[in-house]
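Single-structure report; data block below.
A short reminder: the numbers here are calculations on the coordinates, not readings from a lab. Not measured: the values here are computed from a predicted model. Methodologically, a virtual Cβ is constructed for each residue, glycine included, from the backbone with ideal geometry; neighbour enumeration extends over all protein chains shown.
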C-alpha cells in the first residue's frame, strides 16, 4: 500500500459510517431484542405500552437495576467483579429510612448524599482490599457480601421501615413523572450518560479498558492500576448506594433482606449487554440495555401466557445465549483478522 | 546419563533436596494447618464457655445442617483447583429436589425418583461442562446463567407448591444416627465420598492433572493432560453430587420446593476458599476444605447457642474469608521482603514446584 486512500469526510459519509458502526455494535442486538419483546407484548396486550401505568412501569421498573448494572459494568471492564452490590444496596436503603426516622425534617438531598457516601465508603473498603492486597475481587466481595449483609441484619434486626416513616415528597419521588418520564428513570439515564461519556471519551475511562484487557501490560505502560481499580470500586459502591436510596423512595418498605440476590442480576445484566466477564470490552450502555431487557422480559412473560414461575429459566437461557453469541462473534473477528494478516 | 554409562567415568553426582523446608514446617506452617488449628481452638473455647455446646444433640444438628455444604465442597474444591468455578450447584440441588418431589407425587417409588434426580443432576453438570470446555466460555459467566436456568426450571416445575409426602423410611434415614452415637448416618456416606475424592485429587494421575491445569493449563495441555476432558468430568461430578445433596436436603426437611437451598453456592465457595484453596487454581487440599466447612459450622453453632443472633455469623464468615486471603498475600509479601535483599536466604531451585 503506497497510497493511502482516505474516504471523503463529508457529512453524508460520516452519517453512513456512524450508522454502520451502530448496526455492527454488540449493543444493537440487545436493543433489537428489547424492542421485539416490547412490541410482541404490546400486540398481545396494548396496555403493556399504551396505558399510563404500563408506560411508566416499563421505564420505572428497571431503573434501579440499571444504576447497579452500570457500576457493575465499570468494575467488570477492569477485570474484577463486585458481588457485594446487593448488600451495599440493602444497607443504604435502610440508612435512608433510618435518617428520616431519626432526624425528622432532614432535607432529601442530604439523605441522597449520605446514601451515596455510604455506598462509596463500602466500595472503598472493597477496592482497598483488592487493589492493595492484590487479592481476587471475587473472594473479597464474596466476603463483604456476607459482612455487609450481616451488619445490615444486626442493625435492622426484625425492625422494618414502613412507608409511613418516610416523608411524602420523598416517596412521591419514586413514582413521580416529568413529561411522562419517571424521575427515577431520569436520574438513571443521567448517570448512564455521564458514565458512558466518561468511559468512552476520557483518559480515565480508556485506562480502565486498558487495565481490563491486560493488567500487566497496563502496569508496564505506566498506568496507575491500583488507583484506577480503587476508583472503579468506589464508583460501583456509590451507584449501588444511590440505587439503595431510590429503592426506599420507590417501595417505601425496607427490611433487612432488601437487595439480596441483586448482585447476580447486576452481573447478568452486564453479561447480557455484552460486557465480557474477563474485562476489557463492552460498554455501560450495553449493561443498561441488558438490565432493561432482563426486567422487561420478566414483566412480558405473564402477558405472553408463560407462568411467571418460568421467568428465571428464561433469564438463564438469555444469559447463556448472550455469552455464546459473544463467543461466536469473537471467533469470527479473530478469523477475519487472521485472513487480513495473511493476505 | 547415557554418556557417563558408556564411558564409565565417575561423574559428580549432584543431589537435590526433595523439599525446601523440613517436614515439620511443611506440615505445620500451612494454610490447612491454620484452618484445622482454628477449628480446634473454636471447639475447645466453645466447649469451655458455651453452655450445652458439648452435648451430643449439638453435634448432631451441626452435622445435619452442614452436610449439604460438606458434600458439594468436595467437587467444588476440584473445580476451583483447576481455576474454574461452579455457581450453579445450589440451583442443581433445587432442581433435583423438585424432580424427586414431583416424580414421587406422581406415584414413583423414591428409589427410582432419586436415581432420575441424580441423572438430571449429572446432565445439568454436563451442560455446564459442555459450555465451558467445548464452546469455550468462561465458567463464571456460564454458571451464573445456569444458576438462573436450573432454578427457573425447578420453580417452574413446581410453582409455589411443596411436596411433603415422602416415605417415612427415607425421611427417618436422613435424620437417623449411627447406633447410640450422636453422629448422623449420612456421615458414613460423606466419609466414603470424602475418601474417594481425596484419593482422586491427591493420589491419582488425574488429580495431579487437576493441579497442573490450575497452575498453567497451556503447559498442562503440552504435557499430555486432557484439559477439556478433565474439566468436563469435574463439572459432571459437581452436578451429580449437588443432586445427591439436593435429595438429602429434601428428605431431611421432608419437603420438596423450588426454592430449596437458594444461595447455598456462596456458602460452599466461602468454605472452600477459607479452607485454603486458591481462587486462581493450582493450590488446595481436601482436609483443609473439610476443616473450613466444619469451622464455619462450629462457629455458627456456638454463637447460636450463646444466643448471639445468626447475623453475626454472616459477618464472621465474611471477615474470615477476607482475612484468610489478605493474610496469605501479606505473608507472601513479608516472605519476599525477608528473602530478597542480600540473598542470605537463597531459594533452592529444586524446591520449586
Take residue B:47 and residue A:43, extend 7 Å from each Cα along the Cα→Cβ direction, and tell me the distance between the two endpoints in nm.
7.1 nm
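Please compute, for peptide B:131-143, the average count of beta-carbon atoms on other protein chains lying within 10 Å of each residue's beta-carbon. Spell out each step's value before the answer.
Numbers: counts 4, 0, 0, 0, 5, 4, 6, 6, 1, 6, 15, 6, 2.
If you average over the peptide's residues, the count of other-chain Cβ atoms is 4.
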Starting from the 7 Å offset along Cα-to-Cβ, what nm value, one decimal, do you get for the label separation of residue B:332 and residue A:103?
4.3 nm
Centroid-to-centroid separation of segment B:319-337 and segment B:289-308 [C-alpha atoms, Å]:
23 Å
Give me the percent relative contact order of segment B:30-325, please, defined on Cα pairs under 8 angstrom at least 6 residues apart.
37 percent
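Run through every distinct alpha carbon pair of segment B:30-325 and return the Kirkwood hydrodynamic radius in angstroms, one decimal place. Before the final figure, lay out the partial values.
On the way: mean 1/r = 0.0512 Å⁻¹.
Roughly 19.5 Å, rounded to one decimal.
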One finds the C-alpha centres of segment B:100-142 and segment A:172-189 to be spaced, in Å, by 44 Å
GNM on chain B, C-alpha springs below 10 Å: top fluctuator among B:88, B:223, B:278?
B:223
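Given 0.36 nm per residue, what is the gain on full extension from residue A:154 to residue A:110 after removing their alpha carbon distance, in nm? Before the final figure, lay out the partial values.
Numbers: separation 44, 0.36 × 44 = 15.84 nm, distance 2.45 nm.
Full extension from residue A:154 to residue A:110 adds 13.4 nm.
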What do you get when you divide the Cα radius of gyration of segment B:218-273 by 2.2 N^0.38 Å, with N the number of residues?
1.58
Take every Cα pair under 8 Å in segment B:20-122 that's 6+ residues apart, average their separations, divide by the length, and report that relative contact order as a whole percent.
14 percent
What percent of all Cα-Cα pairs in segment A:46-269 falls into each 5 Å bin, going from 0 up to the bin containing the maximum distance?
1, 7, 15, 18, 18, 15, 11, 7, 4, 2, 1, 0
Across bins of 10 angstrom width beginning at 0, how are the C-alpha pair distances of segment B:154-297 distributed, in whole percent?
10, 31, 32, 20, 7, 0
Fewest-first ordering of A:181, B:110 by Cβ atoms within 10 Å yields A:181, B:110
For segment A:243-290 and segment B:20-63, compute the distance between their C-alpha centroids and round to whole Å.
39 Å
Using just the alpha carbons, could you tell me how many Å³ per residue the convex hull of the protein assembly as shown encloses?
238 Å³
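Once the Cβ-Cβ distance between residue A:194 and residue A:124 is put in as r, and R0 is 22 Å, what FRET efficiency do you end up with, to the nearest 0.05? Don't jump to the answer; show the numbers that get you there.
Details: r = 20 Å, r/R0 = 0.91.
Calculated transfer efficiency: 0.65.
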Against the longest principal axis of chain B, how steep is helix B:139-158, in degrees 0 to 90 to the nearest 10, with axes from Cα atoms?
10 degrees
Which one, B:321, B:299, B:334, has the greatest fluctuation when you compute a Gaussian network model over chain B with C-alpha springs under 10 angstrom?
B:334
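Residues of B:36-42, mean number of Cβ from any other protein chain within 10 Å of their own Cβ, rounded to a whole number?
Values: counts 0, 0, 0, 0, 0, 0, 0.
So the per-residue partner count for this stretch is 0.
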Once you've got the GNM for chain A with C-alpha springs shorter than 10 Å, pick whichever of A:315, A:166, A:139 has the biggest mean-square fluctuation.
A:139
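So how do A:243-253, B:114-124 stack up, highest first, on mean other-Cβ count within 10 Å?
Working: A:243-253: 24.9, B:114-124: 21.0.
Final packing ranking: A:243-253, B:114-124.
What list do you get for B:336, A:343, A:224, B:231 if you sort them by fewest beta carbons within 10 Å?
On the way: B:336 9, A:343 5, A:224 14, B:231 23.
Final ranking by Cβ density, sparse to dense: A:343, B:336, A:224, B:231.
In what sequence, highest mean first, do A:93-106, A:274-287 appear when ranked by Cβ atoms within 10 angstrom? Don't skip to the answer; put the middle values down first.
On the way: A:93-106: 17.9, A:274-287: 23.5.
The peptides rank, most packed first, as A:274-287, A:93-106.
Report the Stokes-Einstein translational diffusion coefficient (µm² s⁻¹, integer) for segment B:30-95, Rh taken as the Kirkwood radius over Cα pairs, at 10 °C with viscosity 1.306 mPa s. Write down the numbers at each step before the final one.
Details: Rh = 14.4 Å.
Translational D for this selection: 110 µm²/s.
Inside 10 Å of the C-beta atoms of A:129-141, what's the mean count of C-beta atoms belonging to other chains?
5
What FRET efficiency comes out for residue B:208 versus residue B:259 if R0 is 41 angstrom and r is the Cβ-Cβ distance? Round to the nearest 0.05.
On the way: r = 40 Å, r/R0 = 0.97.
Result of the calculation: an efficiency of 0.55.
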If each DSSP helix of 4+ residues adds -39,500 (n - 2.57) and the sum is divided by the residues in chain A, what number results at 222 nm, nearest 500 deg cm²/dmol?
-25000 deg cm²/dmol
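Could you tell me the calculated FRET efficiency between residue B:29 and residue B:168, based on Cβ-Cβ distance and R0 = 51 angstrom, to the nearest 0.05? The partial results should precede the final answer.
Values: r = 51 Å, r/R0 = 0.99.
For residue B:29 and residue B:168, the calculated efficiency is 0.50.
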What percent does the relative contact order of segment A:46-269 come to when contacts are Cα pairs within less than 8 Å and at least six residues apart?
45 percent
Taking only DSSP H segments of four or more residues, each worth -39500 (n - 2.57), what value at 222 nm results for chain B once the sum is divided by all its residues, to the nearest 500 deg cm²/dmol?
-23000 deg cm²/dmol
Looking only at Cα atoms, what is the convex hull volume of segment B:73-126 per residue, in Å³?
69 Å³
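Order of A:292, A:209, B:150, B:61 from fewest to most other C-beta atoms within 10 Å?
Values: A:292 27, A:209 18, B:150 31, B:61 15.
Exposure proxy ranking, most exposed first: B:61, A:209, A:292, B:150.
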I want to check the label-to-label distance for residue B:116 and residue B:287. Put each point 7 Å from Cα in the C-beta direction and report it in nm to one decimal.
4.3 nm
